[in-house]
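The values are calculated or read from the model by the stated rules, or taken from the named source; none is laboratory data. All figures in this text were calculated on a predicted structure; none of them were measured in a lab. Every residue, glycine among them, receives a Cβ derived from its backbone with ideal geometry; neighbour counts consider all protein chains shown. Each accessible area value is taken on the protein alone, full model and side chains, heavy atoms only, with ligands, DNA and RNA left out. Shrake-Rupley method; radii C 1.70, N 1.55, O 1.52, S 1.80 Å.
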Amino acid sequence: MTQIGTDVHVAAEFLEAGNVVGIPTETVYGLAGNALNPDAVLTIFRVKNRPAFDPLIVHTDSLQKVRQFVADIPEPAHQLAQAFWPGPLTLLLPKRDLIPDLVTSGLPTVAVRIPRHPLTLKLLHLLNFPLAAPSANPFGYISPTTAQHVADQLGDQVPYVLDGGPASVGLESTIIGFEEGQATVFRLGGMAIEQIEAVIGPVSVRTHSTSNPKAPGMLSSHYAPRKPLILLQPGESPTPNNRAGALVFREPFGGIREDHQRVLSPTGDLNEAAKNLFAHLRTLDSLPVDVIYAEPLPNQGLGWAMNDRLRRASVQ
Ligand code: TXA
Ligand code: MG
């Protein structure tokens with residue numbers, strides 16, 4: 001059985017011994033292991049039931065440490081790191097040999113992020129290695145935003161979950177790569193495009209299949225609940241149904257039982273909505289409903305990333 005606690009020293013001991021540990025970040029909880037230890041990395045893939053072609057993000061706590069395992073930081077990447085780290089942004093950078101090929105699924109780039117969570121920053125400070133950490137959910141399911149979500153789904157395989165409270169952003173990090181100095185967004189996420197463009201100018205967005213260029217189209221269905229999810233069109237209402245649930249932005253729909261509905265933000269705040277998105281989807285998944293309707297969010301700020309997640313979670 002897993003233990004849920006707030007002791008970074010206990011977490012550090014498990015990690016130093018090559019075990020995997022659940023860690024809080026501002027985006028979602030991660031399933032962390034020593035990124036420099038191939039056995040620990042293999043354990044991550046096994047526990048998550050994740051295909052080996054899907055590379056992991058490496059987490060650390062300073063730009064100085066990042067330089068130890070990347071060969072180069074292009075200028076726009078450096079500007080973004082200065083502006084947004086620690087934060088919900090992952091940069092794809094050319095890797096050094098120190099990072100095992102297993103972590104990057106053989107790709108020449110490594111995904112790097114400095115997360116913005118005080119407990120995890122403290123943990124990373126204690127360790128003399130970076131942490132590889134995918135979201136701590138079984139592959140394909142909704143990402144966890146509390147320690148309990150991690151324990152519920154992976155508890156029997158993870159000895160310790162570091163509890164840092166509910167994730168403050170609630171969406172996985174935005175992933176950006178650089179080709180010949182040009183920035184490309186590979187995954188929409190917790191850092192809004194508008195904020196990124198304010199620092200480095202216009203970026204292109206290439207998220208149609210997956211952030212893994214080696215597996216085009218394979219992961220377009222992802223982040224999904226077990227119940228079928230139907231993403232409505234803007235302005236569309238679901239047909240009345242006693243056995244339906246609904247995820248709505250500001251207010252419940254008529255025709256669906258109110259106790260089968262979850263409101264993302266009564267005041268229409270997209271950041272609050274993002275924070276609630278995955279927890280509400282989990283709750284809806286556990287209710288006695290046969291189908292979940294989801295209302296699309298406005299396409300601005302974190303609304304883009306939420307609509308992306310809802311599209312991937314939906315039956316297509
Ligand atoms: O917010 C987050 O990013 C969370 C927290 C725990 O940090 N982590 C997370 O990891 O969402 P994961 O493994 O669920 O998603 C990582 C994504 C995958 O889609 C993977 O394909 C992509 O990052 N990725 C990792 N390395 C890559 C690389 N070298 N090139 C392209 N995509 C990469
Ligand atoms: Mg994930």
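For this structure, a couple of remarks:
- Taking each DSSP H run with n ≥ 4 as -39500 (n - 2.57) and averaging over every residue of the chain yields -8500 deg cm²/dmol at 222 nm.
- Whole-angstrom Cα spans of the chain along principal axes, big to small: 57, 48, 33
- Using a Gaussian network model of the chain in which every pair of alpha carbons under 10 angstrom is joined by a spring, one finds that among P76, P166, P88 the greatest mean-square fluctuation is at P76.
- Dividing the mean sequence gap of close Cα pairs (under 8 Å, 6+ apart) by how many residues segment 1-45 holds gives a relative contact order of 28 percent.
- Net +/- balance of residues flanking V158 in space, Cβ distance below 12 Å, scoring K and R +1, D and E -1: 0
- Net charge dipole, segment 21-180: roughly 240 debye, given to the nearest 20, about the Cα centre with Cβ charges of +1 for Lys and Arg and -1 for Asp and Glu.
- Each Lys and Arg contributes +1 and each Asp and Glu -1, all at the Cβ; summed about the Cα centre of segment 93-219, the dipole is approximately 160 debye.
- Scaling against 2.2 N^0.38 Å puts the C-alpha radius of gyration of segment 79-161 at 1.23.
- Using a simple spin-label model with pseudo-atoms 7 Å out from Cα toward Cβ, L63 and E13 lie 3.7 nm apart.
- Rounded, prolate or oblate (a/c below 1.5 giving rounded, otherwise prolate when a/b exceeds b/c) for segment 91-209 by Cα gyration tensor: prolate
- Solvent-accessible area per residue, Å², over the chain with all protein chains present [probe radius 1.4 Å]: 41 Å²
- Size of electric dipole in the chain: Cβ of Lys, Arg +1 and of Asp, Glu -1, about Cα centre, debye, nearest 20: 400 debye
- Protein accessible area in segment 229-313, 1.4 Å probe - carbon and sulfur %: 47 percent
- Measuring nothing but protein heavy atoms, the accessible surface of segment 3-205 at 1.4 Å probe radius is 51 percent carbon and sulfur.
- Placing unit charges on the Cβ atoms of the charged side chains and taking the dipole of the chain about its Cα centre, the candidate lying farthest along the positive direction among P234, L123, Q3 is P234.
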